[in-house]
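Notes follow once the structure below has been shown.
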Amino acid sequence: MSARENLVILSSLALLVVLVLVGLPLLEDMTGFSINAYPLPGFLLVTGLAIVLPQLYLASTDTAVSPRSRVRFAVIATGIFALGFAGGTYPEAALEAPLENLESLQGLVILVIGAGAFLGLVCYEFLAGFRSESTDGDSSA
């Protein structure tokens, strides 16, 4: 890992810690909205700020590691965090009466985000493999 890569990742983690320790209590005091009561904003904050944003930034600017590897890591980590944040979500409860059980609905949305990211990665890899096979076949003819 290069010093620049470490700096980007540590900066995003430091920003997350400052936001959690300073920004969220201020938000709760001003608006009464507690992020601890809802899993979806916490999931978006943690995965977005600590994992996805630094990896996508490094994928676009860093040449030492393949951008595809960085995107793969971001998607897989998002899926793992989605499983962790969704915890004991029972999709049946969220689908039967979605507005009555807000926590189950948010857990279901978190699972959909994780699964959607993984499905998008699988589709992208399939298309990339298909394109590379079709260009390899054209060059040998």
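The table below lists the values:
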item: Every residue from segment 1-26 that is farther than 26 Å from residue 70 by Cα and open to solvent by less than 60 Å² (accessible area, probe 1.4 Å); result: 23, 24, 25
item: Pair list, Cβ < 7 Å and 6+ apart or interchain, from segment 68-87 residues that are closer than 13 Å to residue 50 by Cβ to residues that are open to solvent by 60 Å² or more (accessible area, probe 1.4 Å) and in a helix (DSSP H, G or I); result: 74/56
item: Residues that are hydrophobic (A, V, I, L, M, F, W, C), assigned to a helix (DSSP H, G or I) and surrounded by 11 or more Cβ atoms within 10 Å (Cβ to Cβ), drawn from segment 27-49; result: 27, 35, 37, 40, 43, 44, 45, 46, 49
item: Filtered residues of segment 56-66 (kept if in contact (Cβ under 8 Å) with a residue 24 or more places away in the chain, assigned to a helix (DSSP H, G or I) and open to solvent by 20 Å² or more (accessible area, probe 1.4 Å)); result: 57
item: Helices (runs of 4 or more DSSP H) lying entirely in segment 67-141 (those with 3 or more residues that are modelled with pLDDT of 85 or more and closer than 25 Å to residue 38 by Cβ); result: 67-86, 102-140
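The values are calculated or read from the model by the stated rules, or taken from the named source; none is laboratory data. These numbers come from a predicted model, not from an experiment. All Cβ positions, even for glycine, are placed from backbone atoms using ideal geometry, and neighbour counts span all protein chains on display. Side chains are part of the model used for accessible areas, which takes the heavy atoms of the whole protein and leaves out ligands, DNA and RNA. Shrake-Rupley method; radii C 1.70, N 1.55, O 1.52, S 1.80 Å.
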